[in-house]
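> Have a look at this one.
The values are calculated or read from the model by the stated rules, or taken from the named source; none is laboratory data. Remember, predicted model here, so these are calculated numbers, not experimental data. Cβ placement follows ideal geometry from the backbone for every residue including glycine, while neighbour counts extend to all protein chains displayed. Ligands, DNA and RNA are stripped out before the accessible areas are found, and what is left, the full protein with its side chains, is counted by its heavy atoms. Shrake-Rupley method; radii C 1.70, N 1.55, O 1.52, S 1.80 Å.
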Amino acid sequence: MRRVLLATFGGLSVSGVAAIALAAPAADPAAVTANIEQAQPAAKNIRFELGAASAGIAAEKKLLPKGVKTLLKVPQTLEHGDYVWNDEGVAPGKLTVFVDMRRQMISVFRGGHEIGTAVIVYGGNGHESPTGKFPILRMYRDYHSRSYDAPMPFSMFVTNDGVALHGSPMAADRATHGCIGLPISFARLLFEQASKGDVVEIVRSNAT
């Protein structure tokens, strides 16, 4: 679930590329800020370019969607409840949302530029989250599940049988009934930027 600045894709060193990968826990988890939307560096320092070759390898391994141009710099590890959101310098346009259940991460892209990323929770045994590409079908700012008697703020439904991205309590041992659970503040930011028809791609990336 952690995000690190350097990694290797398939034996090819990706120097200077921020890849998302599993890493060792932070030495001091309490020092990780739960909400790091604030105090972002200047626009020229908040993201870096991803070369076409590296982007292609990452897409092949399902680490990133196709067509990624830049990624946000994330200088610290992310835990459940943490997120980064910064769309400074990115033109308005259609969103693409990418969810990787193996790495427990979501990334939001606009025009190939990452504008947000967070740790997620997803469906547990017997309630597995689906994989594939799904358009956002319906959106409800204040939704309450009648099936599970649970609030689902900022719901963005991607299937007709109830699977949605929505705000959720976050913990390492928490699972959903098939939905993709997001930090509530991150869900609000995504909800305010998203539109019906925007594509959500849910994958389980290759481990090697």
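> Using the C-alpha gyration tensor of the range 61-208, what are the square roots of 5 times its eigenvalues, in whole angstrom, with the largest one first? Kindly include the intermediate steps, with their values, before the conclusion.
Numbers: eigenvalues 96, 59, 45 Å².
Sorted largest first and rounded, they come to 22, 17, 15 Å.
> For the range 173-208 and the range 82-135, compute the distance between their C-alpha centroids and round to whole Å.
About 5 Å separates the Cα centre of the range 173-208 from the one of the range 82-135.
> Distance cut-off 21 Å, Cα to Cα: go down the list Lys61/Lys196; Lys61/Lys133; Lys66/Lys133; Lys62/Lys196; Lys73/Lys196 and report the pairs above it.
Over 21 Å Cα-Cα: Lys61/Lys196; Lys62/Lys196; Lys73/Lys196.
> Find, among the GluC sites (Glu not before Pro) in the range 67-163, those assigned to loop by DSSP (not H, G, I, E, B) with at most 15 other beta-carbon atoms within 10 angstrom.
Passing both the DSSP loop test and the Cβ count: Glu88, Glu128.
> So who's got an amide H within less than 5 Å of the one on Ile180, skipping anything under 5 residues away but keeping other chains? H placed 1.01 Å off N, in plane.
Ala164, Leu165, His166
> In the range 116-208, which trypsin sites (Lys or Arg not before Pro) are in a loop and have at most 12 other Cβ atoms within 10 Å, using DSSP for the loop call?
Hits after loop and neighbour filter: Arg146, Lys196.
> Oh, and also: Tell me, what are the semi-axes, in whole angstrom and largest first, of the equivalent ellipsoid of the range 119-186 as set by the roots of 5 times the Cα gyration tensor eigenvalues?
Equivalent ellipsoid of the range 119-186: 16, 15, 12 Å, largest first.
> Might you tell me the accessible area per residue for the range 79-169, computed with a 1.4 Å probe and given in Å²?
43 Å²
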